[in-house]
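Here's the structure we're looking at; comments come further down.
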Amino acid sequence: MDTSTRAAKIPSLHQQTEINWDNLDMTKFYVVGAGMFSCVTVALYPVSVVKTRMQVASGEAMRSNALATFKNILKADGVPGLYRGFGTVITGAIPARIIFLSALEKTKATSLRLVKPLELSESTEAALANGLGGLTASLCSQAVFVPIDVVSQKLMVQGYSGHVNYTGGLDVVEKIMKADGPRGLYRGFGLSVMTYAPSSAVWWASYGFSQRVIWSALGRLNDKEDTPSQLRIVGVQATGGMIAGAVTSCVSTPLDTIKTRLQVNQNKPKAGEVVRRLIAEEGWKGFYRGLGPRFFSSSAWGTSMIVCYEYLKRVCAKAEEA
């Protein structure tokens, strides 16, 4: 075999470390994936509850930090208080993730083909393709995510700072439908799109870019001779997920705070009213209420999710034909 033929057959680092979406056993991927992501959600859900409580806090509760809020929930409701709304989230998350991941991977693959003629650096190509994939996936999945968000957040804050009590997720849906009809389930939809679509784009762009930067720092970006060990691949992916989560939480927290207040407030305020009240009560720092839990949750979720996701793709990859 001559040198040119051998070089053509040696896979790039991208091919060595990432599994092509078209090469997956999709039934196995969705079934095993549902179980894996559900486990991650169980582990990190309490952080979301603490973050949401901090974002809607009023009066004396506004002075509580994340740890104090956590302790107050345990004192008042025990461990179940940290999982209010969990049933709603876990039920709706499965179809939402199927939509999200399908749109993500299809858009990434298409985007990579489209940017190839531009002859950009591999890091820039990865950032653009991943960013467009994340943006499209978020836009496609918001129709499912927003009602879940509205219902779960009302359950998270029920009985807290004057919020209404419910008997469960169905009770929330019934009361919303009675008061506002179907549109009540989509309160804050515009802000959700404005929050999650750019956040998803930033997250996936940061992840794709940071991976390439890390491989470059390790001197492996253009190395086609040796396939990196699985441990090193997982380490780079986990670090990329952590960086992406940290960047995204800092960028998206203000919009997330406004969205949360809109969705749980019984008085149905406009976004402008929420903004003015936040500034009047706490100044601009009010937009970053819950940043600590969100920063931790986003980084931890990003790391856990991407490690599980990339592992899942390797587990569900079809055997290559000889």
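The values are calculated or read from the model by the stated rules, or taken from the named source; none is laboratory data. All of these numbers come straight from a predicted model, not from anything done at the bench. For neighbour counting, all protein chains shown are included, and Cβ atoms are generated from backbone atoms with ideal geometry for every residue, glycine included. Heads up: the accessible areas ignore ligands, DNA and RNA and are worked out on the full protein's heavy atoms, side chains in. Shrake-Rupley method; radii C 1.70, N 1.55, O 1.52, S 1.80 Å.
A few remarks follow.
- Annotation: of all residues in the range 62-76 being part of a helix (DSSP H, G or I) and under 17 Å from Gly286 (Cβ atoms), the one that is least open to solvent (accessible area, probe 1.4 Å) is Thr69.
- Only one entry of Gly272, Gly283 meets the criterion of being exposed (fewer than 15 other Cβ atoms within 10 Å of the Cβ), among the small types (Gly, Ala, Ser) and either within 17 Å of Met194 (Cβ to Cβ) or under 25 Å from the mean Cα position of the chain (by Cα) (or both), and that entry is Gly272.
- Condition check for Asp149: surrounded by 15 or more Cβ atoms within 10 Å (Cβ to Cβ) and free of Cβ contacts under 8 Å to residues at least 12 places away in the same chain: no
- Flag for Ser102 being modelled with pLDDT of 85 or more and crowded, with 22+ Cβ neighbours inside 10 Å: no
- Val264 vs. criteria at pLDDT below 80, open to solvent by less than 20 Å² (accessible area, probe 1.4 Å) and not acidic (Asp, Glu): yes
- Complete set of residues in the range 168-200 that are of a type in the set (A, V, I, L, M, F, W, C) and farther than 21 Å from Gln158 by Cβ: Phe189, Leu191, Val193, Met194, Ala197
- Residue within the range 219-230 that is among the hydrophobic types (A, V, I, L, M, F, W, C) and part of a helix (DSSP H, G or I) present: no
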